[in-house]
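> There's a structure below that I have some questions on.
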Amino acid sequence: MKNYLCALRFLFSIHIAGLLVLSFFRLILFLRGTVNLGDDSGDYLLQAGAFLRGLWFDNVVACYILVLPLAVASVSAWFGYYGACLYRGLTIFLGIMYGIVFAISAADIPYFEYFFKHLNSSIFNWIGYGETTLKMMFGEPTYRWPIFFFIAAIIVFSVFLRWMRKLTISSFEKEKSRSWKSIGCIVVLTVLTLWACMFGIRGRMGYNPIRVSAAYYCNNTFLNQLGINPAFNLLRSTLESTKKENRSLMLMNEKEAIGNVREFLSIQESFPDISPIARTVKNDTPSVKKNVVLVLMESMSGKLMKRYGDERRLTPFLDSLSERATCFDRFYSAGTHTNHGLYATLYGYPAMMKKNLMKGAVIPFYTGLPRTLQESGYHTLFFMTHESQYDNMNGFLRSNGYDEIYAQENYPAEKVANSFGVQDDYLYEYAIPVLNERSKSSQPFFATLLSISNHPPYVIPSYFTPRSREIEDQIVEYADWALQKFMDEASRQPWYKNTIFVFLADHGKLVGSPRSDMPLTYHHIPLIIYEPGQLPTKSEKLGGQIDIGPTVLGMLGISYINNTFGIDLFRQSRPYILFTSDDAIGCMGKEHFYIYRPGDEQEWLFDLQNGEEGNIVENDSIRSQFKNYAFSVLQTAQSIINKEETGKYKGYIPK
């Protein structure tokens, strides 16, 4: 019996040590994110609640690791076996499992800081970019600290494991005889400890086991998320994503959703050979053959601009341009990843949460802005900083309306700054002569430029001198400067005056303290449409990236069949705009903001104060309206995608 108690001491000592290391990683995340505490920075009792819930979640993960060694050690004890080989094997197993969990916890720190979300199944979209991801991890200095903490944790934990193993083996006594009473006690203790371990895995009493929602206990979003164990979150989201119902969104009845969307978009006609949202757009203005340059700015949250309240003067060019152009002040990105922004902006479909709809061996076909312009006589070009294979961009874009793709493969090797290719100013510099050459023909061009510099790892070129001290502010200054340099050079070209320039972000980023579980700084982005010589205007209409195509086509006076979810913001209005993150659905209205998390069916309704999340509103009627709109749009989009109705007609394959 004494030997078995020594074995239990060995296992539970390691269990406690694992909890301490996981709490250490949580403390690091907390200390690096104290800016997110806002008004709760001095409420230490409230902050302690996050660590207690974190310990709760950590224990669930630790119990998953413990259950197998506990069962093996206990069954071996029934037969009186306490060999050194057994405990060497248990030590190796525990070291590997905790090493994986520690690695996830370390990787979660920079991921959370960037996305304000814990690691989830969306990271598996990056498996094909191992080299790029590793270069990003080791290329950004701020990412090296979590790596250092991980190595330190592994070393300390390994030393402790080895010490505990030696201590335990040396404590075992040779058993001369074993009574049935002793064996019976071991069996009873085995049942009790395994039951306790299984209860720890379940996490709670009641009908349902522990869920992520158990971490939510206050009105501070950062503290609520701090308690979630990254490995638990990754495991749960992965299990959820593999479920059949999560492969395609199932939010409501498909027929009802389609009927609602047709009503939202005021669709009267029917095109059964295309899709249920297809409708004719006849522009009554004369068609103009103006060039279009669309710039998708990496992570350029509206909150970074002085126009929307930032006092650091990080974007003097964008702010000045917004005063000389048409600026839509209530404009939102479809998602939180670049592939979401590209997909929605160019093809008019909403982001489907964590899914990357540009990836896949079978590439779907869309009408969208590039294809419609291509068929209207435009030459279409896409410029990116990184490799063309990233996110399957080369294959997807070439299959969906782009004539030419320019990527890292086209640029001199010495211009490549990091794992995401060349810097913004070189991308713009490279594009100018290409556009000059295209402008020599009678064919107008549509050029899309995707920047990258405002994404880790941040690289400030030696020839640019920022005013700010923080690297995240400096890179915004640089991105703005690069845009000004591009526009100054473009203004000297013969095609400039006959060109519409469209500036928007692919998505935003976390700026300041989050006010909700779905911070609006990730989604509120600038939309600036500039035509040389135009009169400046501003619009308070709700809009989103899905509206870019119809709006630009309306400016060009092109008639077409609109098979997207977008509207022409100059001629139409929308009551709501939908957007999503990896695990949540957001819906913005004129006076309220609604959030729904399908994973745990939590929902919030906020009033708006100066365009930002205000107080939580308890109004079932308003909440139901927002929910119905959001669910209807997403369910209809899922239906159309599943049925391959995104092209000019069913079964459409472009030439």
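> With (1) among the β-branched types (Val, Ile, Thr); (2) within 27 Å of Ala630 (Cα to Cα); (3) open to solvent by 40 Å² or more (accessible area, probe 1.4 Å) as the list, and Thr338 as the residue in question, which single condition is left unmet?
Just one mismatch for Thr338, condition (3).
> Taking the condition of being under 18 Å from Ser105 (Cα atoms) and loosely packed, with under 14 Cβ neighbours inside 10 Å, how many residues in the range 45-57 meet it?
So the answer is 1.
> Do you know which of the residues in the range 241-261 that are part of a helix (DSSP H, G or I) and open to solvent by 50 Å² or more (accessible area, probe 1.4 Å) is farthest from Ser41 (Cα to Cα)?
Restricting to residues being part of a helix (DSSP H, G or I) and open to solvent by 50 Å² or more (accessible area, probe 1.4 Å), the top hit is Lys255.
> Which residue pairs have Cβ atoms closer than 6 Å, lie 6 or more positions apart in sequence or on different chains, and pair a first residue in the range 356-380 that is modelled with pLDDT of 95 or more and of a type outside the set (D, E, K, R) with a second residue that is open to solvent by 40 Å² or more (accessible area, probe 1.4 Å) and in a loop (DSSP other than H, G, I, E, B)?
Going by the 6 Å Cβ cut-off, the qualifying pairs are His379/Asp403; His379/Gln443; Thr380/Asp403.
For every residue, the table says whether it meets (1) modelled with pLDDT of 90 or more; (2) open to solvent by 60 Å² or more (accessible area, probe 1.4 Å); (3) among the acidic types (Asp, Glu).
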| site | (1), (2), (3) |
| --- | --- |
| Lys117 | no, no, no |
| Gly128 | no, yes, no |
| Met137 | no, yes, no |
| Pro141 | no, yes, no |
| Arg162 | yes, yes, no |
| Thr168 | yes, no, no |
| Ile183 | no, no, no |
| Val188 | yes, yes, no |
| Met198 | yes, yes, no |
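> Scan Leu569, Leu634, Leu605 and give me the residue that is out of contact with any Gly (no Cβ under 7 Å at 6 or more places or on another chain), within 19 Å of Thr345 (Cβ to Cβ) and either assigned to a helix (DSSP H, G or I) or open to solvent by less than 10 Å² (accessible area, probe 1.4 Å) (or both).
Checking each option against the conditions leaves just Leu634.
> On to the next question. Would you be able to tell me the number of residues in the range 223-233 that are outside any loop (DSSP other than H, G, I, E, B) and within 27 Å of Glu613 (Cβ to Cβ)?
Residues flagged as outside any loop (DSSP other than H, G, I, E, B) and within 27 Å of Glu613 (Cβ to Cβ) within the range 223-233 amount to 7.
Here is a yes/no grid of residues against (1) open to solvent by 30 Å² or more (accessible area, probe 1.4 Å); (2) modelled with pLDDT of 95 or more:
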residue	(1), (2)
Glu489	yes, yes
Pro494	yes, yes
Lys497	yes, yes
Gly512	yes, no
Ser516	no, no
Ile528	no, yes
Glu531	yes, yes
Gly549	no, yes
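> Given the options Leu504, Leu520, name the one that is open to solvent by less than 40 Å² (accessible area, probe 1.4 Å), of a type in the set (A, V, I, L, M, F, W, C) and within 23 Å of Glu603 (Cβ to Cβ).
One residue alone meets the criteria, Leu520.
> Additional query: Any residue at all in the range 91-105 that's out of contact with any helix residue (DSSP H, G or I) (no Cβ under 7 Å at 6 or more places or on another chain) and open to solvent by less than 70 Å² (accessible area, probe 1.4 Å)?
no
> For the condition crowded, with 16+ Cβ neighbours inside 10 Å, among the polar types (S, T, N, Q) and part of a loop (DSSP other than H, G, I, E, B), what is the one hit in Ser237, Ser299, Ser287, Ser266?
Ser299
> Would you check if Gly302 is under 27 Å from Tyr402 (Cα atoms) and either at pLDDT below 95 or in contact with a helix residue (DSSP H, G or I) (Cβ under 6 Å, 6 or more places away or on another chain) (or both)?
Answer is no for this residue.
Table: residues versus (1) farther than 27 Å from Leu373 by Cα; (2) surrounded by fewer than 22 Cβ atoms within 10 Å (Cβ to Cβ).
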| residue | (1), (2) |
| --- | --- |
| Tyr426 | no, yes |
| Val434 | no, yes |
| Glu437 | no, yes |
| Gln443 | no, yes |
| Ile452 | no, no |
| Tyr458 | yes, yes |
| Phe464 | yes, yes |
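> Ok, one more. Looking only at the range 392-404, count how many residues are surrounded by fewer than 20 Cβ atoms within 10 Å (Cβ to Cβ) and in contact (Cβ under 8 Å) with a residue 24 or more places away in the chain.
Number of matching residues: 5.
> Another question about this same structure. What are the residues in the range 1-44 that are more than 30 Å from Val75 (Cβ to Cβ), of a type in the set (Val, Ile, Thr) and open to solvent by less than 40 Å² (accessible area, probe 1.4 Å), if any?
Ile28
> Identify, please: which residue in the range 397-425 is over 15 Å from His379 (Cα atoms) and of a type in the set (Phe, Trp, Tyr) and is, among those, modelled with the highest pLDDT?
Restricting to residues being over 15 Å from His379 (Cα atoms) and of a type in the set (Phe, Trp, Tyr), the top hit is Tyr411.
> Let me ask another. Identify the single condition in (1) within 27 Å of Tyr114 (Cβ to Cβ); (2) buried (at least 21 other Cβ atoms within 10 Å of the Cβ) that Ala417 does not satisfy, given that it satisfies every other one.
Only one criterion is unmet by Ala417, namely (2).
> Filter the range 612-631 down to the residues that are open to solvent by less than 40 Å² (accessible area, probe 1.4 Å) and among the small types (Gly, Ala, Ser), then identify the one that is nearest to Glu254 (Cα to Cα).
If we take residues in the range 612-631 being open to solvent by less than 40 Å² (accessible area, probe 1.4 Å) and among the small types (Gly, Ala, Ser), then Ala630 is nearest to Glu254 (Cα to Cα).
> Okay, moving on. Within 20 Å of Met297 (Cβ to Cβ) and either aromatic (Phe, Trp, Tyr) or surrounded by fewer than 22 Cβ atoms within 10 Å (Cβ to Cβ) (or both) - does that describe any residue in the range 363-373?
So far as the range 363-373 goes, no, none of its residues is within 20 Å of Met297 (Cβ to Cβ) and either aromatic (Phe, Trp, Tyr) or surrounded by fewer than 22 Cβ atoms within 10 Å (Cβ to Cβ) (or both).
> Scan the range 436-450 and report the pairs whose first residue is within 13 Å of Glu404 (Cα to Cα) and in contact (Cβ under 8 Å) with a residue 24 or more places away in the chain and whose second residue is small (Gly, Ala, Ser) and surrounded by 13 or more Cβ atoms within 10 Å (Cβ to Cβ), with Cβ atoms within less than 9 Å and a gap of 6+ or a chain change.
Arg438/Ala447; Phe445/Ser439; Phe446/Gly401; Ala447/Ala431; Leu449/Ala431
> Out of everything in the range 397-449 that is among the aromatic types (Phe, Trp, Tyr) and within 29 Å of the chain's Cα centre (by Cα), what residue ends up being nearest to Ser299 (Cα to Cα)?
For the range 397-449, the residue satisfying everything is Phe420.
> List every residue pair whose Cβ atoms lie under 6 Å apart, where the two residues are 6 or more positions apart in sequence or sit on different chains, the first residue falls within the range 28-46 and is touching a residue at least 12 places away in the same chain (Cβ under 8 Å) and part of a helix (DSSP H, G or I), and the second residue, located anywhere, is open to solvent by 40 Å² or more (accessible area, probe 1.4 Å) and small (Gly, Ala, Ser).
Matching pairs, first to second residue: Asn36/Ser513; Gly38/Ser513.
> Right, next: Within the range 426-479, can you find the residues that are at pLDDT 95 or above and aromatic (Phe, Trp, Tyr)?
Listed by number, the residues that qualify are Tyr426, Tyr428, Tyr430, Phe445, Phe446, Tyr463, Phe464, Tyr478.
> In the range 68-77, is there at least one residue being within 19 Å of Ile154 (Cα to Cα), modelled with pLDDT of 95 or more and open to solvent by less than 60 Å² (accessible area, probe 1.4 Å)?
No: zero hits.
> Take the range 577-602 and flag every residue that is in contact (Cβ under 8 Å) with a residue 40 or more places away in the chain, farther than 23 Å from Ser122 by Cα and surrounded by 15 or more Cβ atoms within 10 Å (Cβ to Cβ).
Ile577, Met588, Gly589, Phe593
> With the checklist (1) over 29 Å from Met352 (Cβ atoms); (2) of a type in the set (Ser, Thr, Tyr); (3) modelled with pLDDT of 85 or more in hand, flag the one item Tyr111 doesn't pass.
With (1) over 29 Å from Met352 (Cβ atoms); (2) of a type in the set (Ser, Thr, Tyr); (3) modelled with pLDDT of 85 or more applied to Tyr111, the lone miss is (1).
The values are calculated or read from the model by the stated rules, or taken from the named source; none is laboratory data. Since the model is a prediction, treat every value here as computed from it, not as a measurement. Positions of Cβ are generated from backbone atoms using ideal geometry, with glycine treated the same way; all protein chains shown enter the neighbour counts. What goes into the accessible areas is simple: the full protein's heavy atoms, side chains included, and nothing from ligands, DNA or RNA. Shrake-Rupley method; radii C 1.70, N 1.55, O 1.52, S 1.80 Å.
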